[in-house]
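So the structure is just underneath, and the comments pick up after that.
Just so it is clear, none of the values below were taken in a lab; they were calculated from the coordinates. In this text the structure is predicted, and so the values were computed from the model without any measurement. Virtual Cβ from ideal backbone geometry, glycine too; neighbours counted across all protein chains shown.
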């Protein structure tokens, strides 16, 4: 009886929790097909999901290439931005005056409309270089990682610090045994947020010029030339990049933060 | 029996120890003129109301804070040296276990920090787990244990480097009464087995009387020692002791010392 009550409290059984969103998604697609193909009432720029699926399969070689370009830009930006953020957060946590100098600066960076910098960066580094896009992704990824790592480095509890002091641990041992493991879940939360932001930044940056490749450029081009189904197929490609980035970082985060503090 | 240092020097000797905390509103005297000697193997409790400096005194002994005045020696050494040499183990009110480490890995942490070899460490951890009765739980994580079990892990960790002095800051303060009494009995057994001296901070009179050879009574503003009560219960302490007349007599003596006057009992009014 108690197990029954537990199951009720937990809500849906596990298989249903997995199947329910799939069913809702399938229903959505069915309504979409009904609206576009059966009723024929949709505007021209909203093609049928079947047409989009066909384009996705048919044009996969070029969509795949575009995905690789945009994903690489996002990944390079994410890694560079995160590494710089980790290094600076470490400095800020260790040295008080640096903390005082950096934190207002980061707050300023956080409110800069980063994507809007792209035309300037493209002009600075040349229209054939991916650097401007990668830099935009890096700046976008930097902020959440910096904020979270800095917070994580400050989460060590007094009782743990006392414990390491009475154990006569060296500063390096304290960092390895306490500070780093305490900060790790915060770093991964930062990375998870930064991964989505980096993908969006890399993709949207393509709307503002630069080389004529990538998912964002393709969406803009095909939308303008009226090839709606192909434009939507590229949107699906963009969604794919975002999903992969999010899933990988979520998985990492879950692996690391299995144990909540006592 | 034990190394020369433990027989020749007291486990703890405090002479005129004081502690002053500077605050914005001026200096706060947390402790003044503390004279205390804890013999090797002796169990001493520090008891008193909040703000009497009992935890502060323990932190000074542990070299977690420096004393403002007076002299403090642990087995004849300055407190800082005793800390580096791992002459004492300590347990706090919060178990303070690292949540991402297993029970075994938490117990072995002090040994790991002092580069004790893996084989020796594993053997010692098994021994300690047995001592605190957690052998079956060494592979668990702290959040899978009850509060009492976590506190036993903390005690095992404190004993890892075989210290001859154990410092405890209200280690059972957050536990329920049943678990508390059980762990008190366990602690008297562990202290007897390891022959370690214990300095035990508490605000519970029955706990102090049950555990200690001597109960040091402290009073606040400024924190100081006002009385020392000897229990003379010997080494064997079991639940029968909790109901003996001698026990109640000492409890009354400590209570009176804490209140500073003879306490009027209900049946004598």
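Odds and ends about this structure:
- Within a Gaussian network of chain A (alpha carbon springs, distance under 10 Å), most fluctuating of A:81, A:28, A:190: A:28
- The stretch A:1-146 - Kirkwood radius from inverse mean 1/r over Cα pairs (Å): 20.4 Å
- Helix B:177-194 vs. chain B, principal-axis angle (Cα, 0 to 90°, nearest 10): 70 degrees
- Packing-based ranking, highest mean first, of A:86-92, A:160-166 given that Cβ atoms within 10 Å are counted: A:160-166, A:86-92
- Cβ crowding within 10 Å ranks B:179, A:217, B:230 as B:230, B:179, A:217, fewest other Cβ atoms first.
- Relative to the globular-protein estimate of 2.2 N^0.38 Å, the Cα radius of gyration of the stretch B:1-118 stands at 1.22.
- Bridges between two residues of chain B, per DSSP, are antiparallel at a rate of about 55%.
- Most fluctuating residue given options A:51, A:218, A:30, as computed from a GNM of chain A linking Cα atoms under 10 Å: A:30
- Taking every alpha-carbon pair under 8 Å whose residues sit at least 6 apart, chain B reaches a relative contact order of 25 percent.
- Were the residues from residue A:159 through residue A:129 laid out at 0.36 nm apart, the gain over their Cα-Cα distance would be 5.6 nm.
- Largest GNM mean-square fluctuation across B:213, B:227, B:176, computed for chain B with C-alpha springs under 10 Å, falls on B:176.
- Under the criterion of Cα pairs below 8 Å and six or more residues apart, the relative contact order for the stretch B:97-162 equals 51 percent.
- Rh (Kirkwood; distinct C-alpha pairs) - the stretch A:141-262, Å: 17.1 Å
- Applying Stokes-Einstein at 20 °C and 1.002 mPa s to the Kirkwood radius of the stretch A:48-256, computed over alpha-carbon pairs, gives a translational diffusion coefficient of 115 µm² s⁻¹.
- Shielding by partners, peptide A:160-172 (average Cβ within 10 angstrom, other chains): 6
- Cα long-axis angle, helix A:49-58 against chain A (0 to 90 degrees, to the nearest 10): 80 degrees
- Inter-centroid distance (Cα atoms) of the stretch B:235-252 relative to the stretch B:77-107, Å: 31 Å
- Calculated mean residue ellipticity at 222 nm for chain A: -25500 deg cm²/dmol, from DSSP H runs with n ≥ 4 weighted as -39500 (n - 2.57), summed, divided by the residue count and rounded to 500.
- P(r), alpha carbons of chain B - 5 Å bins starting at zero, rounded %: 1, 6, 12, 16, 18, 17, 13, 9, 5, 2, 1, 0, 0
- Fewest-first sequence of B:164, B:54, A:96, B:19 by Cβ atoms within 10 Å of each Cβ: A:96, B:164, B:19, B:54
- Kirkwood's formula applied to the C-alpha pairs of the protein assembly as shown gives a hydrodynamic radius of 28.4 angstrom.
- Over the stretch A:38-96, the ratio between the Cα radius of gyration and 2.2 N^0.38 Å evaluates to 2.07.
- One quarter of the convex hull surface built on the alpha carbon atoms of the stretch B:116-269 amounts to 11.5 nm², the projected area averaged over directions.
- Take each residue in B:107-114, count the other chain C-beta atoms within 10 Å of its C-beta, and the mean is 4.
- Our summary of shape: the Cα atoms of the stretch B:62-119 have principal axis extents of 41, 27, 13 Å, ordered from largest down, in whole angstrom.
- Of all DSSP beta bridges confined to the protein assembly as shown, the antiparallel ones make up roughly 55%.
- Over the stretch B:97-162, the ratio between the Cα radius of gyration and 2.2 N^0.38 Å evaluates to 0.97.
- Once the Cα atoms are used to define both axes, helix A:215-224 deviates from the longest principal axis of chain A by about 30 degrees.
- Exposure proxy for B:100, A:60, A:15: other Cβ atoms within 10 Å of each Cβ, ordered fewest to most, give A:15, A:60, B:100.
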